[in-house]
Amino acid sequence: MKAQIVIMILAWLNCGAALADPNTSDAYAAIFDKVLQANADAAVAACHELQQTLNSPSDDKRHTAFVALAQAWTKVRASYVLGGYDMAAMDYPLLIAYFHVGKEDLHESLEQIVEGTLPPASALYKNSYKTLRALDDVMFSGPWLPRREQMAGFITGHLCKRLAQVSEGYRAHRGDFLADPEHALSLLINAEIESLYKTRDWRIAQIIGLTKKSLGRQQPDKQEYPYSQASWPVIGAIIATHEQLLAEDRQPNIATIAHARQAGEGLTLVQKGLSETARAYQAVPPDKAFDLQATIPVFQGLLDTQKAFYRHLVGRIGVTASIIDADGD
């Protein structure tokens, strides 16, 4: 009987990460309010700001507003858990960004629409035509003409409505998020792992020639936003979002929860990888974005952070890592 009790206690200690963590309700509330909801609201605001610049004669104002929107959405995407509470919301990221999915030559299709005469509401009938990637193409792949302004206005209006759905969806599910911390934490950790993988593989490795398919071949056309040059800034936004969720000096956040679950050692390794990634990213001069040698340290930092999640944090914090979805972003 004593032996059974000892075994039960040891098992209980070894899976301490799965225990209810005391005094972390503030951390979950802060994560929801200051990261998930705040970033979703900021994306809506950025979209409306872009709408206001479309009739501006300043190319710089339009460009700045677009990059800000791309970054704002990417921060939402890096920690996106709304699909865990609303099945319809699972597809919102695809409908907003349409990245790394489909075989259609989006640029060719949009060029034909630009040269056509159908009203934007009729011509831009596909979901892929009403996304941030389509907007990048329409706004920056050619001269700013009235036709492009009309198309950009239609796309931006659609995006603002979709982003508002995300913001309102989070607001509606705040209670669900806080009511089940285990589910919330699982969604958050898996969202982070997925984001790290897709940033490393899709947003960097495929561009600079480090994947099996692209090995040794630079593919700038595979960038997420190839015409506005927003692809590099959004990587910085992704790193910043992970810092919101994990950095020691940004508590209460996931770090708070990890400490409460005696997962501090694994957390430290993840934080180390993330800090090195941030430093490597900041060290890349603007004119060296996606340069192979300059970008490799960022790639390596993301890889190290992802490995630290899998090997040192996931099990200790009490979360099961999901298989990464290879579908579009």
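Its Cα gyration tensor gives region 17-317 an equivalent ellipsoid, and the semi-axes of that ellipsoid, as √(5λ) in whole Å with the largest first, are 34, 23, 16. Computed over Cα pairs, the Kirkwood radius of region 132-241 leads via Stokes-Einstein (0.890 mPa s, 25 °C) to a diffusion coefficient of 147 µm² per second.
Divide by every residue of the chain the summed helix terms, -39500 (n - 2.57) for each DSSP H run of at least 4, and state the resulting mean residue ellipticity at 222 nm, rounded to the nearest 500 deg cm²/dmol. Before the final figure, lay out the partial values.
Values: 16 runs with 198 residues, N = 329.
One gets -19000 deg cm²/dmol as the mean residue ellipticity at 222 nm.
Modelled spin-label separation between residue 145 and residue 262, with each label point placed 7 Å from Cα along the Cα-to-Cβ direction: 6.8 nm.
Relative to the current alpha-carbon distance between residue 292 and residue 118, full extension at 0.36 nm per residue lengthens the span by 58.4 nm. In order along region 70-84, phi translates into HN-Hα couplings of 4, 5, 4, 5, 4, 5, 5, 5, 5, 10, 6, 10, 4, x, x Hz, rounded to whole numbers, per the Karplus curve 6.51 cos²θ - 1.76 cosθ + 1.60 with θ = phi - 60° and x for Gly and Pro.
Using C-alpha pairs below 8 Å separated by at least 6 residues, the relative contact order for the chain is 26 percent.
Compute the Cα gyration tensor for region 16-115, then decide on rounded, prolate or oblate, letting a ≥ b ≥ c be the square roots of its eigenvalues: rounded whenever a/c is under 1.5, prolate when a/b is larger than b/c in the other cases, and oblate in all that remain.
Working: a/c = 3.59, a/b = 1.76, b/c = 2.04.
In terms of gyration-tensor shape, oblate.
Taken about its Cα centre, the chain carries a charge dipole of about 440 debye when Lys and Arg each add +1 at the Cβ and Asp and Glu each add -1 at the Cβ. The trypsin sites (Lys or Arg not before Pro) of region 81-133 that DSSP puts in a loop, and whose beta carbon has at most 12 other beta carbons within 10 Å, are 103. Taking label points 7 Å from Cα along the Cα-to-Cβ direction, residue 125 and residue 101 give a separation of 2.1 nm. When the Cα positions of 81, 196, 317 are compared along the charge dipole of the chain, 317 comes out farthest toward the positive end, with charges on each C-beta of Lys, Arg, Asp and Glu.
Here, each number is a calculation from the coordinates, and none is a lab measurement. Just so we're clear, the structure is a prediction, and the values are computed from it rather than from any experiment. Positions of Cβ are backbone-derived with ideal geometry, glycine not excepted, and every protein chain shown enters the neighbour counts.
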